[in-house]
Amino acid sequence: MAWTSSLANWPHCLGESAKPARMSDIHSTVSSDRRASSRARMRRLLLSGIAVLYVVSVPWYRETDAPLRVWFGLPDWVAVALGCYIGVAVLNAMAWRLTDIPDQYVEGQAPERSGK
Amino acid sequence: MSFGEIGTAALVIYLLTLTGIAEVARRARKDTSAGDHFLAGRDLGTMVLFLTLYATAYSGNSLLAYPGKAYSSGFSFIMSTGFMMAIIVVFHVLAPKLRPIATTFHFVTPGDWVRHRFGGGAGSPEPGQRALVLGVGSLMCIALMNFLLAQLKAMGHVASIVTDGAVPYEFGVAGLAAFILFYETRGGMRAVAWTDAAQAILMLVGLSALFAWILDGAGGMDTVTRTVAKLRPEAVVVPDAKTCVGWFSTVALLGLGSVVYPQAIQRIYAARDGRTLANSFALMSFMPLATTLVVTLIGIAAIGLLGDIGQREADEVLPLLLASWAESGGVGQIGAVVVFVGALAAIMSTADSCLLSLSAMMAGDLLGNSGSDPTTAKRGKRFAAVLLVAMIPVAFIEELSLWRLLELKMELLLQCVPAFLMAIHWRAQRADATLAGLVVGTALSIGLTFSGFSRIYGIHAGMLGLTLNALVVVAGSTVMRRSIVTQSLTTQN
């Protein structure tokens, strides 16, 4: 987890710096790493939700000879598919809002390059 | 005023507006580098990026062909909303990792990523790297040429319809192509993105107006569904197992294939920053509901409005609906013109993005020029001009059966997926294995399609090709990795 790796870096940070890091700086680093980790967890949850909605949107589990039932002006299986896609749109927008896209590549961080 | 006169006036106003936008874009140019020309100086903000992504993703095909497909397939074409949304979902796999590396290493074309990824770090490139860049570049260029050709043909048709024949088909193709070339060479990506934004707004207004008119005339969606159930019961029944498999396959095909569209990848490079890109994608999530869903419902409503027009006429569903709207006179006439100009805008916005990406890839990936080379932008402009001049006579040919290869757009593009979506996550992936996968997957897709098996039990030939492609990449990379490790251990001993 990201915050544990940042804890692991403490001695290294203290060793390199001329002055020891202040406790408030350390707390702020840990809490921002925790926030990032919880955002990443939430993002993964949202993406899993999207996968489930896609599976439900296709009426593979329905009888093909079922009588027509109209929901919200649409055949019921279409209304379910549409409801799923509305859900996908909302979850996907939320997932993008939680996505951190860095502007600079940090060495050692994925994506990787061959030969390293 | 007649429909043709209103249409001609609207077309002239539209083209004049685009000219103005292109001129402003030219003046906003910061330098003559490839990055400034092809990527707007990597400074596209949220709204412009969102609108250009939207206008590029929703081509003339979405507006003109989808109502016809919905008319033929019935309610199962609701899958189109799902597959258009899948594109923005699959970008989660690529954009967050590609963006930082693209900005750090100043990528301009998709091939820059392949070159970098298999570049071997400080040492020499991996075996097969150059061939892989060429292979990926060639497949992408073929797909883009297909796309561009389809847009040129559609431009000619729509220009002729909207002016009621005052602008003949051939003149529409050549004139509008020349116009695209004009604003693209003057303003580059900046002009393309800004005109795309204007075109996207026009497209949204036109579609919303048409849908409101149809629902108003039909008496609401409930009546539409019950009428369709009476006229074409098979259009409302729950799809069978084969259609459901095809539904999943189409979502995967479009979701994976569209993410590696070169113009989409270049927009990842062109965003001002990561937050801007994420916000634009968040907004894009809702656009299939505002566009694809609307055109699908328009096509379904046409079953009741137009009756049985036959399979051959299905592609003409939108023009037929607009003709009947225009006949109602007044607002209907103006509304029909707005939709036609909106369709033309959608077509032109896709064509200009294709042309810009094609010229960048030909100058960069196929000829091996670097994005930082100042002559790359100049070469790209020349390529754009040569390409358009070469493609215009081809677009004049109505029957294009000889160009079957070009119709394999998505199946071909799909074979580039391992070079991007897999390679960005899997460190052990090798260039030669990726090249082998690309060749085998492409051969299988083309072979199956030309043998008449474009789908096997609902699964697209391209998806089967991609599966084989990915298996070859995994097996090849694993075997080569092991042989390298064994070799280095033997050398050490």
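The values are calculated or read from the model by the stated rules, or taken from the named source; none is laboratory data. Note that this is a predicted model, so its numbers are computed, not measured. For neighbour counting, all protein chains shown are included, and Cβ atoms are generated from backbone atoms with ideal geometry for every residue, glycine included.
For segment B:409-433, what are the residues that are within 14 Å of chain A (Cβ to nearest Cβ), assigned to a loop (DSSP other than H, G, I, E, B) and either out of contact with any Asp or Glu (no Cβ under 7 Å at 6 or more places or on another chain) or more than 20 Å from B:V133 (Cα to Cα) (or both)?
Once the filter is applied, which keeps residues that are within 14 Å of chain A (Cβ to nearest Cβ), assigned to a loop (DSSP other than H, G, I, E, B) and either out of contact with any Asp or Glu (no Cβ under 7 Å at 6 or more places or on another chain) or more than 20 Å from B:V133 (Cα to Cα) (or both), segment B:409-433 yields B:A423, B:I424, B:H425, B:W426, B:A428, B:Q429.
Name the residue that is farthest from B:I161 (Cα to Cα), counting only residues in segment B:5-26 that are out of contact with any Gly (no Cβ under 7 Å at 6 or more places or on another chain) and of a type in the set (G, A, S).
Looking at the filtered set, the residue picked out is B:G20.
Looking at segment B:308-323, can you tell me whether even one residue there is over 26 Å from the mean Cα position of the chain (by Cα), farther than 24 Å from B:D222 by Cα and surrounded by fewer than 22 Cβ atoms within 10 Å (Cβ to Cβ)?
Looking for residues that are over 26 Å from the mean Cα position of the chain (by Cα), farther than 24 Å from B:D222 by Cα and surrounded by fewer than 22 Cβ atoms within 10 Å (Cβ to Cβ), one finds at least one in segment B:308-323, hence yes.
Name the pairs: first residue in segment B:220-247 and more than 7 Å from every other protein chain (Cβ to nearest Cβ), second residue among the hydroxyl-bearing types (S, T, Y) and surrounded by fewer than 20 Cβ atoms within 10 Å (Cβ to Cβ), Cβ to Cβ under 7 Å, at least 6 apart or on different chains?
Every condition considered, the pairs that remain are B:K242/B:Y457; B:V245/B:Y457.
So that you can scan it fast, the table gives a plain yes or no per residue for (1) under 21 Å from B:Q415 (Cβ atoms); (2) among the charged types (D, E, K, R):
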{"position": "B:P239", "(1), (2)": "no, no"}
{"position": "B:T243", "(1), (2)": "no, no"}
{"position": "B:L253", "(1), (2)": "yes, no"}
{"position": "B:G257", "(1), (2)": "yes, no"}
{"position": "B:Q266", "(1), (2)": "yes, no"}
{"position": "B:A270", "(1), (2)": "no, no"}
{"position": "B:D273", "(1), (2)": "no, yes"}
{"position": "B:T276", "(1), (2)": "no, no"}
{"position": "B:N279", "(1), (2)": "no, no"}
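Can B:V245 be described as within 30 Å of B:F3 (Cβ to Cβ) and part of a helix (DSSP H, G or I)?
On the way: within 30 Å of B:F3 (Cβ to Cβ): no; part of a helix (DSSP H, G or I): yes.
So B:V245 does not fit the description; no.
For segment B:263-275, what are the residues that are in contact (Cβ under 8 Å) with a residue 60 or more places away in the chain and in contact with an Asp or Glu (Cβ under 9 Å, 6 or more places away or on another chain)?
Passing the criteria: B:Y269, B:A270, B:A271, B:R272, B:G274.
Within segment B:459-468, is there a residue that is at pLDDT 90 or above, closer than 18 Å to B:Q129 by Cα and hydroxyl-bearing (S, T, Y)?
No, there is no match, as no residue in segment B:459-468 is at pLDDT 90 or above, closer than 18 Å to B:Q129 by Cα and hydroxyl-bearing (S, T, Y).
Which of the following residues is within 18 Å of the chain's Cα centre (by Cα), of a type in the set (G, A, S) and at pLDDT 90 or above: A:A36, A:A79, A:A93?
Going through A:A36, A:A79, A:A93 in turn, the sole match is A:A93.
Being touching a Lys or Arg at 6+ places or on another chain (Cβ under 7 Å) and not in a loop (DSSP other than H, G, I, E, B) is the filter; apply it to segment A:76-109 and report the residue that is farthest from the other protein chains (Cβ to nearest Cβ).
The residue in question is A:D76.
Out of the helices (runs of 4 or more DSSP H) lying entirely within segment B:3-64, which hold 1 or more residues that are charged (D, E, K, R) and touching a residue at least 24 places away in the same chain (Cβ under 8 Å)? Full working, then the answer.
Working: elements: B:3-27, B:34-39, B:46-57, B:60-64.
Result: B:3-27, B:34-39.
State the number of residues belonging to segment B:96-122 that are facing another protein chain (nearest Cβ under 8 Å) and under 17 Å from the mean Cα position of the chain (by Cα).
Residues in segment B:96-122 being facing another protein chain (nearest Cβ under 8 Å) and under 17 Å from the mean Cα position of the chain (by Cα): 0 in total.
Determine, yes or no, whether B:T250 is out of contact with any Phe, Trp or Tyr (no Cβ under 6 Å at 6 or more places or on another chain) and of a type in the set (S, T, Y).
Judged against the criteria, B:T250 is not a match.
This table checks each residue for (1) touching a residue at least 12 places away in the same chain (Cβ under 8 Å); (2) within 28 Å of B:L98 (Cα to Cα); (3) crowded, with 21+ Cβ neighbours inside 10 Å.
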{"site": "B:L283", "(1), (2), (3)": "yes, yes, no"}
{"site": "B:A290", "(1), (2), (3)": "yes, no, no"}
{"site": "B:L305", "(1), (2), (3)": "yes, no, no"}
{"site": "B:G329", "(1), (2), (3)": "no, no, no"}
{"site": "B:I334", "(1), (2), (3)": "yes, no, no"}
{"site": "B:L355", "(1), (2), (3)": "yes, yes, yes"}
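Restrict the check to segment B:434-445 and report whether at least one residue is modelled with pLDDT of 90 or more, touching an Asp or Glu at 6+ places or on another chain (Cβ under 7 Å) and away from chain A (no Cβ under 14 Å).
yes
Between B:L94, B:L53, which is touching a helix residue (DSSP H, G or I) at 6+ places or on another chain (Cβ under 8 Å), closer than 20 Å to A:I101 by Cα, surrounded by 24 or more Cβ atoms within 10 Å (Cβ to Cβ) and of a type in the set (A, V, I, L, M)?
B:L53
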